[in-house]
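Working notes, structure below.
The values are calculated or read from the model by the stated rules, or taken from the named source; none is laboratory data. Note that the structure is a prediction, hence the values are computed from the model and not measured. Backbone-built Cβ (ideal geometry, glycine too); neighbour counts: all protein chains shown.
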Amino acid sequence: MRRFPVAPLILLAACGGGGPSRTPEPAGDETQFEMAIASQIAFDVTRLKNGEWALYSVRLIGRNQPDYVKFQVVDEDATSLWIENKVPAQPRPFVLKSRYDKTKGTLLEHWRGEAGSAMPAKLYPSDRKPEMAPPRRDSSQARPDIREDVDQVQVGGKSWTTARVTTTLSYPDGRKSVLTDWYNKDVPFAVVVSGKSYGGLVKRQFGRMTMELVDSGLTGAHTELEIPK
């Protein structure tokens with residue numbers, strides 16, 4: 001069993017106004033918080049290739065039908081990658097589209113809109129005032145304790161040998177929450193913690209939410225949200 005000093009989380013919220021997305025906090029609506037966690041993966045941008053994609057089902061206790069979350073690398077140029085993250089929302093799903101520096105993994109642009117929308121909203125950088133890029137990780141709200149084990153799981157009718165990473169977050173007010181991720185190196189969107197690559201997410205368990213890989217590929221990604229020229 002091993003310990004790591006940094007939680008493998010992206011808490012880049014899918015909601016927000018015209019500025020950078022905010023980090024969700026569990027003190028608010030639990031369902032929205034769980035879905036925000038579900039819709040984000042702390043993938044390593046520098047290891048991604050154009051065309052890669054991964055589709056996940058997201059199930060909440062008390063809901064009969066699953067929602068779906070999709071990640072895909074839809075375009076690239078000499079220095080950057082465009083990544084789309086389609087997330088569930090009411091009344092319709094929307095797409096978060098971001099451009100990242102290939103080498104550094106830093107966020108260059110961040111947009112939001114429904115698939116096919118002609119007028120997506122530019123969230124970062126804002127045209128109104130200089131801003132800091134929204135953080136891809138947040139450790140300010142909780143103290144993480146992280147443990148890794150090897151585990152065999154059944155997902156999508158397939159048996160996976162995975163690295164199971166369990167993160168226990170202890171909050172200043174005494175609350176605790178547990179996030180468990182299962183990773184496999186054959187799945188795109190690899191997560192890297194303390195210099196070690198775990199591969200992509202196969203399964204996630206957090207609160208009332210379970211997220212499981214439906215399908216993935218190294219090619220075949222296609223743009224759902226066009227950015228105005």
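Condition test on Val74, is it crowded, with 17+ Cβ neighbours inside 10 Å, within 19 Å of Gly200 (Cβ to Cβ) and in contact with a helix residue (DSSP H, G or I) (Cβ under 7 Å, 6 or more places away or on another chain)? Reasoning before the result, please.
On the way: crowded, with 17+ Cβ neighbours inside 10 Å: yes; within 19 Å of Gly200 (Cβ to Cβ): yes; in contact with a helix residue (DSSP H, G or I) (Cβ under 7 Å, 6 or more places away or on another chain): no.
So Val74 fails the test.
Only one residue in Val214, Val192, Val178, Val187 is under 18 Å from the mean Cα position of the chain (by Cα) and assigned to a loop (DSSP other than H, G, I, E, B), so which one is that?
On the way: Val214 fails: assigned to a loop (DSSP other than H, G, I, E, B); Val192 fails: assigned to a loop (DSSP other than H, G, I, E, B); Val178 fails: assigned to a loop (DSSP other than H, G, I, E, B).
Selected residue: Val187, the only one of Val214, Val192, Val178, Val187 that is under 18 Å from the mean Cα position of the chain (by Cα) and assigned to a loop (DSSP other than H, G, I, E, B).
Please enumerate the residues belonging to the stretch 55-96 that are acidic (Asp, Glu), more than 13 Å from the chain's Cα centre (by Cα) and not in a loop (DSSP other than H, G, I, E, B). Walk me through it before giving the result.
Of all residues in the stretch 55-96, those acidic (Asp, Glu) come to 67, 75-77, 84.
Okay, now just the ones that are also more than 13 Å from the chain's Cα centre (by Cα), so 67, 75-77.
Asp67, Asp75, Glu76 - these are the residues of the stretch 55-96 that are acidic (Asp, Glu), more than 13 Å from the chain's Cα centre (by Cα) and not in a loop (DSSP other than H, G, I, E, B).
Scan Glu34, Glu30, Glu52 and give me the residue that is of a type in the set (D, E, K, R), at pLDDT below 75 and either buried (at least 21 other Cβ atoms within 10 Å of the Cβ) or within 13 Å of the chain's Cα centre (by Cα) (or both). Show your work before the answer.
Values: Glu30 fails: either buried (at least 21 other Cβ atoms within 10 Å of the Cβ) or within 13 Å of the chain's Cα centre (by Cα) (or both); Glu52 fails: at pLDDT below 75.
Selected residue: Glu34, the only one of Glu34, Glu30, Glu52 that is of a type in the set (D, E, K, R), at pLDDT below 75 and either buried (at least 21 other Cβ atoms within 10 Å of the Cβ) or within 13 Å of the chain's Cα centre (by Cα) (or both).
Any residue in the stretch 132-149 that is closer than 29 Å to Gly207 by Cα, surrounded by fewer than 16 Cβ atoms within 10 Å (Cβ to Cβ) and modelled with pLDDT of 95 or more?
yes
May I ask you to say which residue of Lys158, Lys122, Lys185, Lys129 is surrounded by fewer than 19 Cβ atoms within 10 Å (Cβ to Cβ), under 30 Å from Pro228 (Cβ atoms), modelled with pLDDT of 90 or more and not β-branched (Val, Ile, Thr)? Lay out the reasoning, then the answer.
Numbers: Lys158 fails: under 30 Å from Pro228 (Cβ atoms); Lys185 fails: under 30 Å from Pro228 (Cβ atoms); Lys129 fails: modelled with pLDDT of 90 or more.
It is Lys122.
Look at the stretch 195-210 and say how many of its residues are small (Gly, Ala, Ser), assigned to a strand (DSSP E or B) and at pLDDT 90 or above. Full working, then the answer.
Going residue by residue through the stretch 195-210, those that are small (Gly, Ala, Ser) are 195, 197, 199-200, 207.
Now narrow it down to the ones that are assigned to a strand (DSSP E or B): 197, 200.
Next, from what is left, pick out any that are at pLDDT 90 or above: 200.
Count: 1.
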